[in-house]
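Colleague: Below is a structure I'd like to ask you about.
The values are calculated or read from the model by the stated rules, or taken from the named source; none is laboratory data. No experiment lies behind these values; they were computed from the predicted model shown. Ideal geometry is used to build each Cβ from the backbone, glycine not excepted, and the neighbour counts take in all protein chains shown.
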Amino acid sequence: MHSKLLDQLIQSLRCLPGVGPKSAQRMALYLMERNRTGAALLSETITEALQRLGRCQQCRALTEEAVCRLCSNPNRDQSLLCIVGSPADMFAIEQAGSYNGMYFLLTGHLSPIDGIGPQEIGISELLTLLDSRPVQEVILANNPTVEGEATASYIAALLRDRELSVSRIAHGVPVGGELEFVDGGTLSHAFNGRLRLK
């Protein structure tokens with residue numbers, strides 16, 4: 001490239017998930033040639049977010065306040081606590097619009113091979129929260145990966161002696177999906193998690 005600074009911008013954009021060299025180059029050129037106002041706003045917003053965003057003291061979601069808007073909302077059902085593995089999972093559940101309880105955000109999943117144990121993902125904070133809240137049901141919404149399943153099993157075992165209900169979100173055949181195109185692992189989950197109709 002003719003510009004060291006442009007090269008640095010392109011390399012910086014590659015830190016985003018799914019952005020390869022060509023996409024990063026297109027974004028950098030677009031911002032510099034066609035939308036410098038947008039580039040300045042993006043830069044200012046990222047700088048401010050880095051300075052001000054922290055974790056909610058209750059659910060551990062990203063927020064600029066001590067307690068996020070969801071946790072401070074009196075209309076949320078305090079008796080339900082949904083445990084998720086990432087902010088993206090929390091966004092997905094909120095966008096679906098069918099859940100009105102509280103959340104607890106783990107920082108990933110258990111992975112002993114990578115040195116990620118209960119302390120690293122926030123299990124002690126979860127137990128502290130459960131001791132201070134009138135939770136009646138914990139909903140485990142971990143991803144159906146090996147690590148996600150291990151994390152869900154670990155949490156379920158930890159909560160076994162508490163006087164609350166522990167459930168796991170269902171996994172299986174997607175709405176509108178056809179059985180012949182569903183993989184074996186998904187079908188197995190669907191059969192194991194089937195609901196009784198009568």
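Colleague: Starting from region 159-177, take each residue that is more than 19 Å from Cys82 (Cβ to Cβ) and list its partners that are assigned to a loop (DSSP other than H, G, I, E, B) and modelled with pLDDT under 75, counting only C-beta distances under 7 angstrom and pairs at least six apart or across chains.
Modeller: Matching pairs, first to second residue: Val173/Val182.
Colleague: Then there's this: Are any residues in region 109-158 modelled with pLDDT under 90, of a type in the set (Ser, Thr, Tyr) and under 18 Å from Met90 (Cα atoms), and if so, which ones?
Modeller: Once the filter is applied, which keeps residues that are modelled with pLDDT under 90, of a type in the set (Ser, Thr, Tyr) and under 18 Å from Met90 (Cα atoms), region 109-158 yields only Thr145.
Colleague: Out of all the residues in region 12-34, which are farther than 30 Å from Cys68 by Cα and loosely packed, with under 13 Cβ neighbours inside 10 Å?
Modeller: Gly20, Pro21, Lys22, Tyr30, Glu33, Arg34
Colleague: Restricting to region 71-92, give me the number of residues that are within 21 Å of Leu130 (Cα to Cα) and surrounded by fewer than 18 Cβ atoms within 10 Å (Cβ to Cβ). Reasoning before the result, please.
Modeller: From region 71-92, those within 21 Å of Leu130 (Cα to Cα) are 71-87, 89-90; that's our starting set.
Remaining after also requiring surrounded by fewer than 18 Cβ atoms within 10 Å (Cβ to Cβ): 72-79, 86-87.
Qualifying residue count, region 71-92: 10.
Colleague: Identify, from the list Glu147, Glu178, the residue that is acidic (Asp, Glu) and buried (at least 16 other Cβ atoms within 10 Å of the Cβ). Working first, answer last.
Modeller: On the way: Glu178 fails: buried (at least 16 other Cβ atoms within 10 Å of the Cβ).
Glu147 is the lone residue from the list that is acidic (Asp, Glu) and buried (at least 16 other Cβ atoms within 10 Å of the Cβ).
Colleague: OK, next. Kindly evaluate Ser165 against the criterion of being of a type outside the set (Val, Ile, Thr), over 21 Å from Ala92 (Cβ atoms) and loosely packed, with under 14 Cβ neighbours inside 10 Å.
Modeller: Details: of a type outside the set (Val, Ile, Thr): yes; over 21 Å from Ala92 (Cβ atoms): yes; loosely packed, with under 14 Cβ neighbours inside 10 Å: yes.
Criteria met by Ser165.
Colleague: Within region 129-147, can you find the residues that are under 19 Å from Phe191 (Cα atoms) and either free of Cβ contacts under 8 Å to residues at least 40 places away in the same chain or outside any loop (DSSP other than H, G, I, E, B) (or both)? Even if it seems obvious, please write down each step before you answer.
Modeller: If we filter region 129-147 for residues that are under 19 Å from Phe191 (Cα atoms), which is where we start, we get 140-146.
Correct list: Leu140, Thr145, Val146.
Colleague: Let me ask something additional. Tell me the helices (runs of 4 or more DSSP H) entirely within region 4-108 that contain at least 1 residues that are among the aliphatic types (A, V, I, L, M) and under 23 Å from Leu127 (Cα atoms).
Modeller: Details: elements: 4-13, 21-33, 36-52, 87-96.
Correct list: 87-96.
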